[in-house]
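Quick notes on the structure that follows.
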Amino acid sequence: MKRDFLTITDFSADEVRENLQLAIEVKEKTKRGESPNVLRGGVGALIFHKASLRTRCSFEVGFRQLGGSAIYITDKEIELGKRESVYDVAKVMSRYFSAICIRTFSHEQVEELARHSTVPVVNMLTDLLHPCQIMADMMTAFEHKKRLDNLTVAYLGDGNNITNSWLRMAQRIPMDLRIGTAQDCLPNMQIVEETKKVGISEVSIHHDPVAAVKDADVIYTDVWASMGQKDKAEEKARALKAFQINGQLVGKAKKDCIVMHCLPAERGREITDEVMDGPHSVVFDEAENRLHAQKAILIKLLG
Ligand code: CP
Ligand code: NVA
């Protein structure tokens, strides 16, 4: 049966671990110039209803390096549910493509697309989740901290698709996940409850940024206003001012902590230049690892 990757929890805990291990192997092979012909000419559809640098480029490069190719499709070609139904789009595209990868607003539409498609569907970001990013981030944390389990991860900023995906990762890999945010910027509380119920990780929400980052191994942030919410940018900036990742706050975490950001960053807002370009920052490793982590996901779904 075909598998999809719409959320981290589409993989079991063992599969998440295996896939992260595979991503590390894929990275080593890529560095040696080896490109296994796993996709044998298969073509991926890359549907984008929002902007992208990393996701588009890393998926296009990934498909090519695995012996396939990809086509970039925008809302000029596909307006899901407007020009034609999600069902019809799923049926038609399944006849051409080896996989359908999509970045859009509504997570429910992506679920619907996956239900009706006969080829794997990969979530390249919805308003709710960004699972490919968090697989690359977990891989990056592993490379730097030399372990996967029981890291203290402090996510500071807006409770968004990245936060929700960290919560889903915490349902698969044990961690102490602390979310530092304002009362009006909470993540999806249903996912918070779900994560607590799974019970393998500690999950806490803090309104004091110092309490959130105390002794953290990983400090993570993201833009305060996500795509589709830019009209709320000033409101969010006021609410989240205290959660900026700056040198002083990094000083409260472990001495060898790493600082992560999925990018794009609004430098000077959620993170200072000093931290982005400083010794704790691994933001460009994360960006690179998007390529390797996604190749591992494609190998699992299509290999
Ligand atoms: N981190 C990330 O998904 O970047 P893009 O929006 O540029 O794809
Ligand atoms: N939360 C951000 C992530 C961008 C990669 C957004 O959805 O815009």
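Just so you know, all these numbers are worked out from the coordinates, no wet-lab data involved. From a predicted model like this one, the values you see are computed outputs, not experimental measurements. Using ideal geometry, Cβ is built from the backbone for each residue, glycine included, and neighbour counts are taken over all protein chains shown.
So if I check each of ARG40, ARG54, which one is surrounded by fewer than 21 Cβ atoms within 10 Å (Cβ to Cβ) and either away from ligand 2 (no atom under 16 Å from the Cβ) or of a type in the set (Phe, Trp, Tyr) (or both)?
Of ARG40, ARG54, the one residue that is surrounded by fewer than 21 Cβ atoms within 10 Å (Cβ to Cβ) and either away from ligand 2 (no atom under 16 Å from the Cβ) or of a type in the set (Phe, Trp, Tyr) (or both) is ARG40.
For the range 87-108, check the following and say yes or no: at least one residue is without any contact (Cβ under 8 Å) to a residue 40 or more places away in the chain and within 22 Å of the chain's Cα centre (by Cα).
Yes, that holds for at least one residue.
From the residues in the range 117-135 that are away from ligand 1 (no atom under 12 Å from the Cβ) and under 21 Å from VAL43 (Cα atoms), which one is surrounded by the fewest Cβ atoms within 10 Å (Cβ to Cβ)?
That would be THR118.
When both residues are 6+ apart or on different chains and their Cβ atoms are under 6 Å apart, which pairs have a first residue that lies in the range 210-229 and is more than 15 Å from ILE245 (Cα to Cα), and a second that is aromatic (Phe, Trp, Tyr) and within 16 Å of ligand 1 (Cβ to nearest atom)?
GLY228/PHE105
So which residues in the range 259-282 are more than 13 Å from the chain's Cα centre (by Cα) and within 12 Å of ligand 2 (Cβ to nearest atom), if there are any at all? Break it down into steps so the answer makes sense when it comes.
At the first step, the residues of the range 259-282 found to be more than 13 Å from the chain's Cα centre (by Cα) are 259, 265-282.
ALA265, GLU266, GLU270 - these are the residues of the range 259-282 that are more than 13 Å from the chain's Cα centre (by Cα) and within 12 Å of ligand 2 (Cβ to nearest atom).
Here are ASP256, ASP215: which of them is assigned to a loop (DSSP other than H, G, I, E, B), of a type outside the set (A, V, I, L, M, F, W, C), touching a Cys at 6+ places or on another chain (Cβ under 9 Å) and under 30 Å from PHE11 (Cβ atoms)?
From the options ASP256, ASP215, the qualifying one is ASP215.
Quick check: anything in the range 184-196 in contact with a strand residue (DSSP E or B) (Cβ under 8 Å, 6 or more places away or on another chain) and touching a residue at least 60 places away in the same chain (Cβ under 8 Å)?
The answer is no, given that none of the residues of the range 184-196 is in contact with a strand residue (DSSP E or B) (Cβ under 8 Å, 6 or more places away or on another chain) and touching a residue at least 60 places away in the same chain (Cβ under 8 Å).
Does any residue of the range 294-303 turn out to be under 20 Å from the mean Cα position of the chain (by Cα) and not in a helix (DSSP H, G or I)?
Looking through the range 294-303, none of the residues is under 20 Å from the mean Cα position of the chain (by Cα) and not in a helix (DSSP H, G or I).
Of the conditions (1) of a type in the set (Ser, Thr, Tyr); (2) closer than 18 Å to CYS132 by Cβ; (3) in contact with a Gly (Cβ under 8 Å, 6 or more places away or on another chain), SER69 fails just one. Which one is it?
With respect to (1) of a type in the set (Ser, Thr, Tyr); (2) closer than 18 Å to CYS132 by Cβ; (3) in contact with a Gly (Cβ under 8 Å, 6 or more places away or on another chain), SER69 is out only on (2).
Which condition number in (1) within 15 Å of ligand 1 (Cβ to nearest atom); (2) surrounded by 18 or more Cβ atoms within 10 Å (Cβ to Cβ) is the one that TYR72 fails?
(2)
Out of all the residues in the range 214-229, which are out of contact with any Gly (no Cβ under 7 Å at 6 or more places or on another chain) and either among the aliphatic types (A, V, I, L, M) or within 16 Å of ligand 2 (Cβ to nearest atom) (or both)?
Going residue by residue through the range 214-229, those that are out of contact with any Gly (no Cβ under 7 Å at 6 or more places or on another chain) are 214-220, 223, 225-229.
Matches in the range 214-229: ALA216, VAL218, ILE219, TYR220, VAL223, ALA225, SER226, MET227, GLY228, GLN229.
Can you tell me which residues in the range 139-161 are within 15 Å of the chain's Cα centre (by Cα) and within 16 Å of ligand 2 (Cβ to nearest atom)?
Within the range 139-161, THR140, TYR155, ASP158, GLY159, ASN160, ASN161 meet the criteria.
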